[in-house]
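The values are calculated or read from the model by the stated rules, or taken from the named source; none is laboratory data. These figures come from a predicted structure and were not determined experimentally. So basically every Cβ, Gly included, is an ideal-geometry build from the backbone, and we count neighbours across all protein chains shown. These accessible areas exclude ligands, DNA and RNA; they are computed on the full protein's heavy atoms, side chains included. Shrake-Rupley method; radii C 1.70, N 1.55, O 1.52, S 1.80 Å.
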Amino acid sequence: MNKKLNRLAIGGGFKNTFYPQPPFSQSVFSMVINELRAPVPVNDVEDESIHSFFSRRIGQEVADYLLDPVFRGIFAGDISKLSVKSCLPMDVLKIEKEYKSLMRGVIRRKDKDDDNEVYAMNDIMRATKERWSTWSFQKGMQQLSERLEDVIIRRGNVEIRKSTPCRGLEFNGDQVKVITDTESITADHVVSSIFSQDLSKLLGSPQKELANLLNQITAVSCIVVNVEYKDYMSNIEGFGHLLPSSEDPCVLGVIYDSSTFRQHDAEKYVSSRYTMMLGGAWYDKLVDRLGDLKESTIQDYACKVLSEQLDIKTEPSNVVVTIQKNCIPQYFVGHSKLVESIDKCVSDNGLPLSLVGSSYKGVSVNDCINNAKLTLKQFDHGIKKVESPDAENIEKNSNV
């Protein structure tokens, strides 16, 4: 805030609880009291924005300086539009209605969590038990898909088609034809994990209603800039920092990669690595600010901002720019109703189609894997359990 980093103090004893900590004007204790005393709406609220909900329950400062940057980091989105019902891991509106307070409700609901949904994977249970705060792969995210490919190939009863884009889906009774450039594959069931709007383009006129519903889910574009500084060691430790939209809407945040996973740094020299995220819901404003999307323009802008925010005086040794178009779906107010309508349309028309991926019930990798696993449980024919990647290939960090 005000071009100054403020450490998020979690715990820290008496002072952090009863005295205000920047950037907030109220103490945590005061915020808790505010939440416990906040009135519950007289009329039932089916959904509302994240900003609206937390402003009325805890205070606008919490919405502006905590929730705003956090959800810019997760969804790259605007919390005045994002759904509090769909973007949070629990139904806070239901908790508010039942317990008249979030604090009271979370405490009383601890023993009511549905283990089948929350801990659908052994690795999630392990991460919770061992208190992982972050995880990574030794060779990057690509290692996850490569490992899954290895497991599938070893089974011997599965075909993988690479560089074979789907051009259309034709539904006929309880079967579906998958149309590619070179062939037509008849299948009993299709599981789609692609962006909802891309799926809508594959549907024929008989599925016009479904296509229209899928098109209502939008996504934002981001620019990711990876920066390395050789022979430089930062004295700022932590996972990273996020910016509220009031500070600089175009810069979403920065991850301190070397602080989080030092083992991924170069072995032959000291370095500090960072990942900067730009754009999101403010992508058009970013493009206007940059003037063009040349790699050199983006590099210069990102490195300038990074040096200002972290007081880095040295020049970067390596910079990689990646433009991710429509990469994060946006769960706007009413998203849960929209997903229900989509599921109902699929069911009412008897389509052999299942929808997974980031467009519907969670944008994170963990959410996508968990929802895919839950979808598999709906099949009553024997599908063998999919092996998870080798444990030794997962880097974890529980001290950030």
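For the range 22-77, a crude dipole built from +1 on the beta carbon of Lys and Arg and -1 on the beta carbon of Asp and Glu, taken about the Cα centre, is about 220 debye to the nearest 20.
Keeping all protein chains in place and using 1.4 angstrom, which order do His241, His189 fall into by accessible surface area, from largest down? Could the numbers behind the result be given before it?
Details: His241 20, His189 70 Å².
The residues order as His189, His241, largest area first.
Restricting attention to the range 147-256, the count of lysine pairs at 8 or more positions apart or across chains with alpha carbons under 28 Å apart stands at 4.
Based on the Stokes-Einstein relation at 25 °C and a viscosity of 0.890 mPa s, and on the Kirkwood radius from alpha carbon pairs, the range 149-276 is assigned a translational diffusion coefficient of 126 µm²/s. Distance between the modelled labels on Val320 and Leu36, one decimal in nanometres: 5.0 nm (7 Å Cα→Cβ projection). The range 5-86 gives an Rg/Rh value of 1.00, both radii derived from C-alpha positions and Rh following Kirkwood.
Net charge in the neighbourhood of Ala187 (other residues with Cβ under 13 Å of its Cβ; Lys, Arg +1, Asp, Glu -1) is -3. Loop by DSSP (not H, G, I, E, B), at most 15 other beta-carbon atoms within 10 Å: where is the longest site-free stretch of the chain for chymotrypsin sites (Phe, Trp or Tyr not before Pro)? Result, exposed sites excluded: 1-268. Global size of the range 251-332: 14.3, 47 Å for Rg and Dmax (C-alpha atoms, Rg to one decimal, Dmax whole). Neighbours of Ala63, meaning other residues whose beta-carbon lies under 14 angstrom from its beta-carbon, give a summed charge of -2 when Lys and Arg score +1 and Asp and Glu score -1. Across Glu98, Glu48, Glu35, mean-square fluctuation computed from a Gaussian network of the chain (C-alpha pairs under 10 Å connected) peaks at Glu98.
Taking the Cβ of Leu286 as the center, what net charge do the other residues with Cβ under 12 Å away carry, scoring Lys and Arg +1 and Asp and Glu -1? Neighbour charge sum, excluding Leu286 itself: -2.
Pair-distance distribution P(r) for the chain, from all Cα-Cα distances in 20 Å bins starting at 0: 22, 56, 22, 0 percent. Each residue of the range 180-192 was assigned a 3J(HN,Hα) from its phi angle through the Karplus curve 6.51 cos²θ - 1.76 cosθ + 1.60 (θ = phi - 60°); the sequence is 10, 5, 10, 7, 10, 9, 8, 10, 7, 7, 10, 10, 9 Hz, with glycine and proline shown as x. Considering the chain as a Gaussian network with a 10 Å cut-off on Cα pairs, which listed residue, Ile323, Ile107, Ile74, attains the greatest mean-square fluctuation? It is Ile107. Counting only Cα atoms, the size of the range 218-288 along its three principal axes is 42, 21, 19 Å, in decreasing order. With contacts taken as Cα pairs under 8 Å and at least 6 residues apart, the range 214-312 reaches a relative contact order of 32 percent.
In deg cm²/dmol and to the nearest 500, what is the mean residue ellipticity at 222 nm of the chain if only DSSP H runs of at least 4 residues count, each as -39500 (n - 2.57), divided by the residue total? It would help to have the intermediate numbers written out before the result.
Working: 17 runs with 143 residues, N = 400.
That comes out to -10000 deg cm²/dmol.
Taking every Cα-Cα distance in the range 318-374 and sorting them into 5 Å bins from zero, the calculated P(r) comes out as 4, 16, 19, 22, 18, 10, 5, 3, 2, 1, 0 percent. Remark on the range 137-224: ratio of C-alpha radius of gyration to 2.2 N^0.38 Å is 1.33. Summary value for the chain: 22 percent relative contact order, contacts being C-alpha pairs under 8 angstrom separated by 6+ residues.
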